[in-house]
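Undergrad: If you scroll down you'll find the structure; I have some questions about it.
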């Protein structure tokens, strides 16, 4: 019976830490860049896009397909970085407990 209470206490502590984690993830900033810096996308640790920057030279060229590809590449790069940063922060809180991401 003591084990159950111990587990419940740990679960409560973990829940509290996870609440803090949401706040921390909102402050993570991961940037993806493509087109040699012509397109930049930033994302927070909750995988929300927070900023998009497109060099005016890209728009002036009028090549929508190329611009679309650069935006896509920058978004994917930002997502990968944000996921890696989020995983690092999660590991600090939960240690070696395997959690799905």
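Undergrad: Among the residues in the range 59-70, are any within 30 Å of residue 89 (Cβ to Cβ), touching a residue at least 40 places away in the same chain (Cβ under 8 Å) and surrounded by 11 or more Cβ atoms within 10 Å (Cβ to Cβ)?
TA: no
Undergrad: Does the range 18-50 hold any residues that are more than 12 Å from residue 82 (Cβ to Cβ) and in contact (Cβ under 8 Å) with a residue 12 or more places away in the chain, and which are they?
TA: 18, 20, 21, 22, 24, 33, 34, 35, 37, 38, 39, 40 - these are the residues of the range 18-50 that are more than 12 Å from residue 82 (Cβ to Cβ) and in contact (Cβ under 8 Å) with a residue 12 or more places away in the chain.
None of the figures in this text is laboratory data; all of them are computed from the coordinates on show. The structure displayed is predicted, hence computed values, not measured ones. Quick reminder, even Gly has a Cβ in these numbers, built from the backbone with ideal geometry, and neighbours come from all protein chains shown.
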